[in-house]
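Asks: Next up is a structure, given as structure tokens.
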Amino acid sequence: MKRILVIVLAAIAVFSSCKKKTVVIGPESGKEVEFRAAVEDYSTTKATESAFEAGDCVRIIAGYPINKTTVGTISGDKIIPEEPVRWREKQTEPTTFAAVYQWESVVPAAESISYDLLSGGIHQFRRHDTFMVAASTVSPDQPASLVFKHPFSKINIVIDNQSQFAVSEVWVKGAVMDAKLDLMEKELILGSVKKDFQPVPVGEPKQTKNEPVEPEWDHYAAVIMPQTTTLTIKVVTLWGKEYNFVQDKDFTFKPGTAYETNLHIDPIVADPVTMDFTVVPWADGGTLDYEAVDE
């Protein structure tokens with residue numbers, strides 16, 4: 001009987017010993033990721049931190065192995081996520097973080113964005129003008145510094161109208177206006193179809209002596225995909241007369257860079273007229289090191 005009791009007690013001791021060694025696997029917490037925000041500053045773009053206002057929101061995308069998306073609020077030079085993003089415990093490999101500014105009205109939470117600048121057939125210039133993205137690959141337990149940059153190009157069109165009639169329409173031809181933007185791979189893949197579109201008038205209209213006597217814009221703008229192409233700009237007056245301006249060779253429109261061309265409308269000059277683009281300051285956004293890749 002004593003022997004049986006000893007065996008039972010020994011079995012209980014072994015069971016208790018095994019129970020103490022049981023490892024409970026719970027959710028990984030890790031250290032919270034710290035996000036810092038800035039806007040790239042280039043002399044040709046005049047990009048500054050003032051591009052952000054307190055309370056502006058960005059969409060944050062954390063790559064593998066974190067695999068999480070959330071919304072962050074700009075607060076000075078920091079981004080405060082609505083939901084904490086954490087480095088995984090025992091994580092050794094780096095993670096790529098991406099962020100999209102104006103996420104709510106422009107793009108969904110995604111690593112790749114199919115983007116059409118003529119969504120609905122209308123060029124919503126003011127929304128595209130402030131659209132910025134950032135991507136940063138950092139090691140575990142390091143802060144993610146997200147430098148926001150503008151992924152597209154901008155063109156300004158200044159018109160000196162010396163004709164008798166006011167300008168009624170302006171058209172831009174020869175540009176691809178859609179692309180797939182891969183934030184994690186930092187790659188922009190252009191679409192294949194060129195589309196005609198109307199740039200938007202910017203600034204204040206001017207009272208002119210042209211017929212009929214009414215306000216007329218002399219400054220138009222548009223955001224286009226970065227690409228190498230030859231553009232044509234068509235200006236139409238209220239009388240129906242068309243004036244065409246063309247680039248004489250392929251030109252590379254770089255990301256985050258603004259260009260301007262001055263068009264002189266003279267009824268005497270033969271059509272078409274050669275035009276050139278020069279780099280000018282861009283109110284918001286900076287250059288982006290993405291390279292456009294033809295599909």
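Asks: Out of P140, P151, I need the residue that is assigned to a loop (DSSP other than H, G, I, E, B) and surrounded by fewer than 21 Cβ atoms within 10 Å (Cβ to Cβ). Which one?
Replies: It is P140.
Asks: Okay, moving on. Select from region 53-71 the residues that are among the small types (G, A, S) and assigned to a strand (DSSP E or B) and list them in ascending order.
Replies: Result: A62, single match.
Asks: Within the group H123, H150, H128, which residue is over 11 Å from the mean Cα position of the chain (by Cα) and under 24 Å from D56 (Cβ atoms)?
Replies: Answer to the selection: H123.
Asks: Might you check whether a residue that is part of a loop (DSSP other than H, G, I, E, B), over 24 Å from the mean Cα position of the chain (by Cα), at pLDDT below 90 and of a type in the set (F, W, Y) occurs anywhere in region 274-284?
Replies: Scanning region 274-284 turns up no residue that is part of a loop (DSSP other than H, G, I, E, B), over 24 Å from the mean Cα position of the chain (by Cα), at pLDDT below 90 and of a type in the set (F, W, Y).
Asks: Condition first: modelled with pLDDT of 85 or more, touching a His at 6+ places or on another chain (Cβ under 8 Å), crowded, with 19+ Cβ neighbours inside 10 Å and not polar (S, T, N, Q). Can you find one or more residues in region 217-224 that meet it?
Replies: yes
The values are calculated or read from the model by the stated rules, or taken from the named source; none is laboratory data. Because the structure is a prediction, the values reported are computed rather than measured. Backbone-built Cβ (ideal geometry, glycine too); neighbour counts: all protein chains shown.
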